[in-house]
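The values are calculated or read from the model by the stated rules, or taken from the named source; none is laboratory data. Computed from a predicted structure; not experimentally measured. Heads up, the Cβs are rebuilt from the backbone with ideal geometry, glycines too, and the neighbour counts pull from every protein chain shown.
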Amino acid sequence: MTIGVLREGGKENRVALLPEHIPSLVEKNVTVLIETDAGSSSCASNLEYVDAGAAIQTREFILENSDIVLKINPPRDDEMPAGRILVSILSPLNNTTLVKKLAALNVTSFSLDMIPRTSRAQAVDILSSMATIAGYKAVLVAASKLPNFFPMFMSASGTIRPSKILILGAGVAGLQSLATSKKLGAVVEVFDVRPAVKEEVMSLGGKFIEVEGSKDDSSAGGYAVEQTDEYKKKQAELIHNHATQANVVICTAQIPGKKAPILIHRATVESMSPGSVIIDMAAGSGGNCELTIKDETVLHNQVRIIGNSNFPSKMPADASKMLGKNFTNFLELMIDEEGNLKLDFEDEIISGTCITRNGEIMNERVKEIISFEDS
Ligand code: NAD
């Protein structure tokens, strides 16, 4: 069994495995091939990989000789592991062209962002590990851009009031942003359509602001669902009133497979104080702010709107450490003790993440989207 790790390239600093993840695979007689300089942006040298038991190789060699290829971002056309297994983060619900290509090239693909959100799957849950990093880093970026302190200060030079932070969406990223903002001494308010998160917000020291009458769908597996128009109107007023009082708004609200809800409108931005910062972590799925541009910073009426869609790449060493653990935990489900492949499609983690196999699209939600697009 040979596992290959490709270099990400572009603006991506993370890598799928660090040297510390190699020994547990080598112990199972697995050969690990790492593309030259794949770990350099994550502070891992080629030499450290070799010392850990891996071999450094070219991309071409890895694509030709690996049974399983690991890549964080979806493969480009020149990185397709035709006829082999690919473990990646494919966003298949928003990336149907790629899914069709993978099926046509007979790639057996697994997408770790499709992991079921169950207790057993927590060890492979890249959505949670990366959201934890994003939520933390977003607050640090906001604090560094804000022309104010986060905490309250009382000194002989006067009293500084603490900054007010509004967090939209209390999933994994939002709760981490709340915890980090509180550690820095800010006053934090949080809004989410799911009333179930109120207790978690309060236990972390945040104030939960809410709108009556939200729709909670237990069949959505804990995720948010689309709300009624009346609810959306009340929600818009509430968010406008609180955002215009905030120094920082951190947006994390998303609905899987759909465009992110617009929660901060142009008029709200125009009513915010000069110097305020909006961090839009939902930028990758359209953004929660009407003025967000993905992966750009927009300055509108002296309000800075940061649309970074990949904060984890800004903390590549620890992001790769967590990702590598998620990847190796996933590999453990498909490799036996002797290092042989054992794909068990009765396992809900294997079947839930499998996107293409034997030239066909396996995931029902992706199939539905494709048949809708083609109709
Ligand atoms: P997410 O990234 O899908 O969404 C972030 C948050 O945005 C969610 O809390 C959602 O309710 C909220 N949101 C959506 N629309 C909104 C709107 N219009 N206004 C305000 N907020 C809005 O969330 P996530 O962090 O991936 O977590 C999703 C669910 O999965 C949660 O219930 C979480 O507890 C659960 N989860 C389970 C596990 C596990 O058991 N393995 C691990 C992590 C998360």
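Among the residues of the stretch 61-72, those identified as crowded, with 20+ Cβ neighbours inside 10 Å, touching a residue at least 60 places away in the same chain (Cβ under 8 Å) and not hydroxyl-bearing (Ser, Thr, Tyr) are ILE68, VAL69, LEU70, LYS71, ILE72. Inspection of the stretch 231-246 identifies no residue that is closer than 25 Å to ASN148 by Cα, touching a Gly at 6+ places or on another chain (Cβ under 7 Å) and buried (at least 19 other Cβ atoms within 10 Å of the Cβ). In the set LEU146, LEU184, only one residue is under 25 Å from ALA253 (Cβ atoms), touching a helix residue (DSSP H, G or I) at 6+ places or on another chain (Cβ under 8 Å) and either in contact (Cβ under 8 Å) with a residue 40 or more places away in the chain or surrounded by fewer than 20 Cβ atoms within 10 Å (Cβ to Cβ) (or both); that residue is LEU184. Of the candidates VAL303, VAL201, the single residue that is more than 26 Å from ARG117 (Cα to Cα) and among the hydrophobic types (A, V, I, L, M, F, W, C) is VAL303. A count restricted to the stretch 259-284 and to residues that are within 20 Å of LYS233 (Cα to Cα), in a helix (DSSP H, G or I) and either out of contact with any helix residue (DSSP H, G or I) (no Cβ under 9 Å at 6 or more places or on another chain) or of a type in the set (A, V, I, L, M, F, W, C) (or both) stands at 4. Scanning the stretch 166-179 for residues that are under 14 Å from GLU189 (Cβ atoms) and in contact with a Leu (Cβ under 8 Å, 6 or more places away or on another chain) yields ILE167, LEU168, ALA170, GLY174, LEU175, LEU178. Candidates in the stretch 1-60 are the residues that are part of a loop (DSSP other than H, G, I, E, B), touching an Asp or Glu at 6+ places or on another chain (Cβ under 9 Å) and charged (D, E, K, R); of these, the one that is surrounded by the fewest Cβ atoms within 10 Å (Cβ to Cβ) is LYS11. Restricting ILE279, ILE355 to residues that are buried (at least 23 other Cβ atoms within 10 Å of the Cβ) and either more than 22 Å from the chain's Cα centre (by Cα) or over 23 Å from GLY10 (Cα atoms) (or both) narrows the list to ILE355. Scanning the stretch 228-241 for residues that are within 12 Å of the ligand (Cβ to nearest atom) and either in contact with a Leu (Cβ under 8 Å, 6 or more places away or on another chain) or among the acidic types (Asp, Glu) (or both), we see that the one that is farthest from LEU291 (Cα to Cα) is GLN235. Restricting attention to the stretch 100-141, the residues that are within 22 Å of ARG14 (Cβ to Cβ) and either of a type in the set (Gly, Ala, Ser) or more than 16 Å from the ligand (Cβ to nearest atom) (or both) add up to 15. Against the test of being at pLDDT 95 or above, within 11 Å of the ligand (Cβ to nearest atom) and hydroxyl-bearing (Ser, Thr, Tyr), the options THR252, THR268 yield a single qualifying residue, THR252. The set of residues from the stretch 285-318 being within 16 Å of the ligand (Cβ to nearest atom), in a helix (DSSP H, G or I) and modelled with pLDDT of 95 or more comprises PHE311, PRO312. Across the stretch 153-202, which residue is nearest to the ligand (Cβ to nearest atom) among those that are more than 29 Å from GLY213 (Cβ to Cβ) and of a type in the set (A, V, I, L, M, F, W, C)? Ranking the qualifying residues of the stretch 153-202, first place goes to ALA186. Taking the criterion of being crowded, with 24+ Cβ neighbours inside 10 Å and over 18 Å from GLN254 (Cα atoms), the residues of the stretch 160-179 that qualify are SER163, ILE165.
Of the residues making up the stretch 61-90, those that are part of a helix (DSSP H, G or I) and not charged (D, E, K, R) are PHE61, ILE62, LEU63, ASN65. The condition of being touching an Asp or Glu at 6+ places or on another chain (Cβ under 8 Å), polar (S, T, N, Q) and buried (at least 20 other Cβ atoms within 10 Å of the Cβ) holds for only one of ASN363, ASN308, ASN301, that being ASN308.
Just one residue in the set ALA16, ALA52, ALA44 is over 27 Å from the mean Cα position of the chain (by Cα) and closer than 18 Å to ALA317 by Cα; that residue is ALA52.
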